[in-house]
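The values are calculated or read from the model by the stated rules, or taken from the named source; none is laboratory data. The structure presented is a predicted model; accordingly, all values stated were derived computationally and were not measured. So basically every Cβ, Gly included, is an ideal-geometry build from the backbone, and we count neighbours across all protein chains shown. Surface areas here come from the heavy atoms of the whole protein model, side chains and all, with no ligands, DNA or RNA. Shrake-Rupley method; radii C 1.70, N 1.55, O 1.52, S 1.80 Å.
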Amino acid sequence: PTDADRRAPLRLDHGAYLIYTSGSTGTPKGVLVAHRPLADLIAWAHACFGTGPGDRVTQFASPSFDVTFCELANSLFSGAIRTWAARHRLFNAYGPTEAVVNSATWLVPRDWTGGPVPIGPPDVNKRAYVLDEALRPVAPGTLGELYIAGTGLARGYLGRPGITADRFVADPFGPAGTRMYRTGDLARWNTAGELEYAGRTDHQLKIRGFRVE
């Protein structure tokens, strides 16, 4: 389809799709994602994984599906994670729906022997801030709330201006008029300049992939 087939010209800030976040209480939140952040997502995937013609990408099962246990049993519990990593790259990825799929990525070192698992530095065209209650950056190693900024943010929640204003707030560190998303996640910067996830700021828990508030 071209603009001639539409009621109005298509722009990057127009909505591309609507996806509802999981939750156990309250009214479901429909996250409205525009076309612009999808370009960032593609740029991140290309820069991170380096995929090209001829590559194959595994479609993995949902954590809430019992097939996942079969996948884990064939690798994690048999000691093949390490064997697999010797020939392939393994990534730990982090990202809320409101920041369009992914926001930070950590490449697991092949000689990694355990310890805290970082979620990595921010992705392409993303900025990450760890802030205190007064929206001041905290020192490395100090816990704070994680905020995500950049062009790769959703427009907000469909028909929910109140909660949109509460979660998508003005970015005091970016260009004038830009926003940042308040994730509700606790995080810290480590000495390598990577983010480490440390839980939630509220009473939300995640059990087998489902959010319970």
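Please work out whether segment 1-55 counts as rounded, prolate or oblate from its C-alpha gyration tensor, where a ≥ b ≥ c are the square roots of the eigenvalues and a/c under 1.5 means rounded, while otherwise a/b larger than b/c means prolate and anything else oblate? Each step should come with its number before you reach the end.
On the way: a/c = 2.79, a/b = 1.12, b/c = 2.50.
It is oblate, given that a/c is not under 1.5 and a/b is not larger than b/c.
Which of rounded, prolate, oblate describes segment 128-213, given a ≥ b ≥ c as roots of the alpha-carbon gyration tensor eigenvalues and a/c under 1.5 marking rounded, otherwise prolate only if a/b is larger than b/c? Each step should come with its number before you reach the end.
On the way: a/c = 1.94, a/b = 1.08, b/c = 1.79.
It comes out oblate by the Cα gyration axes.
Taking a label point 7 Å from the Cα of His88 along the Cα→Cβ vector, which residues of segment 99-136 have an amide N closer than 14 Å to it? Under 14 Å, as judged by backbone N against the label point of His88, lie 108 of segment 99-136.
Tell me the carbon and sulfur percent of the accessible area for segment 96-148, rounded to whole percent, probe radius 1.4 Å. Provide the component values of the computation, followed by the final result.
Values: 1490 of 2560 Å².
That fraction is 58 percent.
His14: net charge of surrounding residues, Cβ under 14 Å, Lys/Arg +1, Asp/Glu -1, itself excluded?
On the way: positive: Arg6, Arg7, Arg11, Arg36, Arg155; negative: Asp3, Asp13.
With Lys, Arg at +1 and Asp, Glu at -1, the net is +3.
A protection proxy built from the mean count of other Cβ atoms within 10 Å ranks the segments 142-152, 164-174, most packed first, as 142-152, 164-174. Reducing segment 5-19 and segment 82-151 to their Cα centroids gives an inter-centroid distance of 30 Å.
The stretch between Arg208 and Leu38, if pulled fully straight at 0.36 nm per residue, gains 58.4 nm over its current Cα-Cα span. With all protein chains in place and ligands, DNA and RNA left out, the 1.4 Å accessible area ranks Leu32, Leu10, Leu205 as Leu205, Leu10, Leu32, largest first. For Ala34, the residues 5 or more places off, or on other chains, whose built amide H falls under 5 Å of its own are Ala16, Arg155. The relative contact order of segment 1-56, computed from alpha carbon pairs under 8 Å that lie at least 6 residues apart in sequence, is 26 percent.
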